[in-house]
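Participant: Sharing a structure, written as structure tokens. Questions coming.
The values are calculated or read from the model by the stated rules, or taken from the named source; none is laboratory data. Note that the structure is predicted; figures quoted are calculated from it, not measured. Cβ: placed from backbone, ideal geometry, glycine included. Neighbour counts: every protein chain shown.
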Amino acid sequence: MFSVPLQLRQEKLELRIKHPLDLIDSEAQMSRLLSIIGAISLGAVGMWLFGSRQVQDQPAQAPLVAIEEMGHLASVKVNYANVIEFTEKIAQGIPWTQWEVHLGGTKVLLVARGDCMVGTDLRAARYENTDKTARTADLVLPSPKLLTARVNHDSRAKGGSYFYTISSEGIEPLLPWSSSRTKAADSALARAQQDIERSCSTPDVLETAKKNAETVLLPTFSAIGWKVKLRWKQ
């Protein structure tokens, strides 16, 4: 084995003493540097304090955009149930006369179930008399109207509509070409649909829709610091 001698390198440190005039120049430069840093720091602090306070003091705008984005506000749901009775008659006209022969018909009893929704179209709303300083405004709303109405076609076990009876009269069962049963069922369902729409358009339902809409909207404005008065268009 060979051994390699370990060499240590030593450097000579010199202590240099500056001239007194050099020390004076260095202290002056350091003072000027500290003055510049202090000025920059004070400016940054001032911008943070006064700049942030200026942003906070800006008055909030009336939340019209938020109202428009809500679209339709559904405020009333009406559950509907009724029994619809309908008879589809079959008659044969007599040629060259105004007379006809009654051949029979189909009678149905429909237990109709469904629901409808009434609400307000907030896209048509507009602000009036807006005071940003007092944070007050008037909100003009269109009158509530029917949004949806449907006959429930689910199974009877799930709460849907169903035909209680379907009975034939006269010679209708003997007519192979007769579609009286299908027409009677379709007509009964169409009448149920119309009845649901009428049920959701009564004055009592529309008035309830207005009150429910006010119950939702007024606390919303109050929560953001605005006092808004609602007015309904006739």
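Participant: Going through the range 193-234 one residue at a time, which ones are assigned to a loop (DSSP other than H, G, I, E, B), farther than 18 Å from LEU139 by Cα and small (Gly, Ala, Ser)?
Facilitator: Residues of the range 193-234 assigned to a loop (DSSP other than H, G, I, E, B): 200-202, 224-226, 233-234.
Next cut, farther than 18 Å from LEU139 by Cα only: 200-202.
Hit for the range 193-234 is SER201, nothing else.
Participant: What's the total number of residues in the range 134-173 that are within 23 Å of LEU122 (Cβ to Cβ) and of a type in the set (Gly, Ala, Ser)?
Facilitator: Total satisfying the criteria: 3.
Participant: Still on this model: Return a yes/no flag: does the range 100-121 have any residue that is outside any strand (DSSP E or B) and more than 28 Å from PHE163 (Cβ to Cβ). Even if it seems obvious, please write down each step before you answer.
Facilitator: So in the range 100-121, the residues outside any strand (DSSP E or B) come out as none.
For the range 100-121, residues outside any strand (DSSP E or B) and more than 28 Å from PHE163 (Cβ to Cβ): absent.
Participant: In the range 186-232, what residues are of a type in the set (Val, Ile, Thr) and touching a Pro at 6+ places or on another chain (Cβ under 8 Å)?
Facilitator: ILE224
Participant: Do you know which residues across the range 124-143 are closer than 29 Å to ASP195 by Cβ and of a type outside the set (A, V, I, L, M, F, W, C)? Step through it out loud before you land on a result.
Facilitator: Here is the first cut: in the range 124-143, the residues closer than 29 Å to ASP195 by Cβ are 124, 141-143.
The answer is PRO142, SER143.
Participant: Does LEU189 satisfy the criteria of being buried (at least 16 other Cβ atoms within 10 Å of the Cβ), of a type outside the set (Phe, Trp, Tyr) and farther than 30 Å from GLU88 by Cβ?
Facilitator: On the way: buried (at least 16 other Cβ atoms within 10 Å of the Cβ): yes; of a type outside the set (Phe, Trp, Tyr): yes; farther than 30 Å from GLU88 by Cβ: no.
No.
Participant: Pull out all pairs, ordered by first then second residue, where Cβ-Cβ is under 7 Å, the residues are six or more apart or on different chains, the first lies in the range 64-91 and is within 18 Å of ILE196 (Cβ to Cβ), and the second is among the aliphatic types (A, V, I, L, M) and at pLDDT below 90.
Facilitator: PHE86/ALA184
Participant: Just wondering, is there one or more residues in the range 97-117 that are of a type in the set (Phe, Trp, Tyr) and either modelled with pLDDT of 75 or more or in contact with a Phe, Trp or Tyr (Cβ under 6 Å, 6 or more places away or on another chain) (or both)?
Facilitator: There is no residue in the range 97-117 that is of a type in the set (Phe, Trp, Tyr) and either modelled with pLDDT of 75 or more or in contact with a Phe, Trp or Tyr (Cβ under 6 Å, 6 or more places away or on another chain) (or both).
Participant: Would you mind finding the one in THR202, THR148 that is in contact (Cβ under 8 Å) with a residue 24 or more places away in the chain, under 14 Å from TYR80 (Cα atoms), hydroxyl-bearing (Ser, Thr, Tyr) and surrounded by 11 or more Cβ atoms within 10 Å (Cβ to Cβ)? Talk me through it step by step, then tell me what you get.
Facilitator: Values: THR202 fails: in contact (Cβ under 8 Å) with a residue 24 or more places away in the chain.
Being in contact (Cβ under 8 Å) with a residue 24 or more places away in the chain, under 14 Å from TYR80 (Cα atoms), hydroxyl-bearing (Ser, Thr, Tyr) and surrounded by 11 or more Cβ atoms within 10 Å (Cβ to Cβ) holds for just one of THR202, THR148, which is THR148.
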